[in-house]
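We did not get these values from a lab; they are worked out from the coordinates using the rules stated. What you see is a predicted model, and the numbers here were worked out from it, not measured in a lab. In this analysis, Cβ positions are derived from the backbone assuming ideal geometry, glycine residues included, and neighbour counts consider all displayed protein chains.
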Amino acid sequence: MGLFGGTFNPIHLGHLRGAEEIREAFGFQGVIFIPAAIPPHKATEGVIQARYRLEMVKRAVSTNPSFSVSSVELDRSG
């Protein structure tokens, strides 16, 4: 499995296409998208609330059976 963390503010075709290409190139069974609760390398100004970004990612990956989403970063404290 591949893990793909990011802000996804918003998620776009480049994220999806890149994840699929990596999955194929490395023979991963799937890719788990992990939206960041608080983006570590970006200013938070203008970043959509995490719960909305999570929902966007869920919808964006819903048609690809090799993709899934984890809310682990949003669920943890700190």
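By the compact-protein rule of thumb, 2.2 N^0.38 Å, the alpha-carbon radius of gyration of segment 2-75 corresponds to a ratio of 1.06.
Each Lys and Arg contributes +1 and each Asp and Glu -1, all at the Cβ; summed about the Cα centre of the chain, the dipole is approximately 140 debye.
Assuming 0.36 nm per residue, please report the length gained on full extension of the stretch Ser68 to Arg17 beyond their Cα-Cα distance.
Details: separation 51, 0.36 × 51 = 18.36 nm, distance 1.44 nm.
Length gained between Ser68 and Arg17: 16.9 nm.
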